[in-house]
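The values are calculated or read from the model by the stated rules, or taken from the named source; none is laboratory data. Computed from a prediction, not measured in an experiment: that's the story for all the values here. Cβ coordinates were reconstructed from backbone atoms using ideal geometry, including for glycine residues, and neighbour counts include every protein chain displayed.
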Ligand SMILES: [Zn+2]
């Protein structure tokens, strides 16, 4: 009796193993994702050696995808605000908060928002470590200051040419307190495209992102940004965004955030 029962049990176990092996090969046997394998009354048997469990490939911990919506691109007080000829500041006479004097050599008195100022100080210090002394040419400009600056360019160049080099009031990044025009000491090619060829301009283009700044008006992007190449104009966006743009090789905020090109004012 004992031997007979034993043989019978082995036969059942072999049949169950065969069913299990066939089920494992059947494309229809996949359980819906998330559905736990039901606990059945199937007898527990040792799996035949022909059934092998695939060795899981070790996967690196996935890097969380960059969240492009973490900060607003519309709020003028946001570090990610995108201001261009189609995206004026709202309100147009927005007053940037927490402005401080930037503790760096200055051509003109320069203010930035505190976080951008701290980052600029670190950027300038790192440049000085490389023997490259920098100065702030211009930083925060109020709405009323931009009125004077823009009107001055219009009087000198005419409106069409002025619009390529100076923002209309309410459309300037300088009004956010997050943009700075940088010059070399001694001055060379200040506010001129040849600044990009100087050691100072080249170092800035290569390293500003590490301090949270982007070269806002790169060469060849006038049809997107609305401005000619300005190798001196840097915009603080924070280290996270600056590093992501660098990593993705995206040159402009418009492209990064999938915004329409802003070659000119709407009207
Ligand atoms: Zn500028």
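Quick notes on this structure:
- Verdict on residue 136 being farther than 18 Å from residue 96 by Cα, out of contact with any helix residue (DSSP H, G or I) (no Cβ under 6 Å at 6 or more places or on another chain) and within 14 Å of the ligand (Cβ to nearest atom): yes
- Scanning the range 107-134 for residues that are more than 17 Å from residue 236 (Cβ to Cβ) and in contact with a strand residue (DSSP E or B) (Cβ under 6 Å, 6 or more places away or on another chain) gives 107, 108.
- Selected residue (criterion: farthest from the ligand (Cβ to nearest atom)) from residues of the range 231-254 that are touching a residue at least 24 places away in the same chain (Cβ under 8 Å) and part of a loop (DSSP other than H, G, I, E, B): 238
- Of all residues in the range 172-184, those that are closer than 16 Å to residue 115 by Cα have Cβ atoms under 7 Å from Cβ atoms of residues that are near the ligand (Cβ under 9 Å from one of its atoms) and part of a helix (DSSP H, G or I), 6 or more apart or on another chain, in 179/173.
- Unique match (being in contact with a strand residue (DSSP E or B) (Cβ under 9 Å, 6 or more places away or on another chain) and either touching a residue at least 12 places away in the same chain (Cβ under 8 Å) or more than 21 Å from residue 196 (Cα to Cα) (or both)) among 138, 166, 72, 144: 138
Residue-by-condition table, conditions (1) in a loop (DSSP other than H, G, I, E, B); (2) modelled with pLDDT of 75 or more:
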{"residue": "47", "(1), (2)": "yes, no"}
{"residue": "54", "(1), (2)": "yes, no"}
{"residue": "72", "(1), (2)": "yes, yes"}
{"residue": "97", "(1), (2)": "yes, yes"}
{"residue": "100", "(1), (2)": "no, yes"}
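- Restricting the range 183-202 to residues that are touching a helix residue (DSSP H, G or I) at 6+ places or on another chain (Cβ under 6 Å) and within 16 Å of residue 217 (Cα to Cα), the residue that is farthest from the ligand (Cβ to nearest atom): 201
- Residue in the range 155-170 that is over 20 Å from residue 259 (Cβ atoms) and within 12 Å of the ligand (Cβ to nearest atom) present: yes
- Residues within the range 107-120 that are surrounded by fewer than 16 Cβ atoms within 10 Å (Cβ to Cβ) and at pLDDT 95 or above, tallied: 1
- Residue-level analysis places residue 205 among those that are away from the ligand (no atom under 13 Å from the Cβ) and in contact with a strand residue (DSSP E or B) (Cβ under 8 Å, 6 or more places away or on another chain).
- Residue that is farthest from the ligand (Cβ to nearest atom) [pool: residues in the range 212-228 that are under 13 Å from residue 165 (Cα atoms) and surrounded by fewer than 17 Cβ atoms within 10 Å (Cβ to Cβ)]: 222
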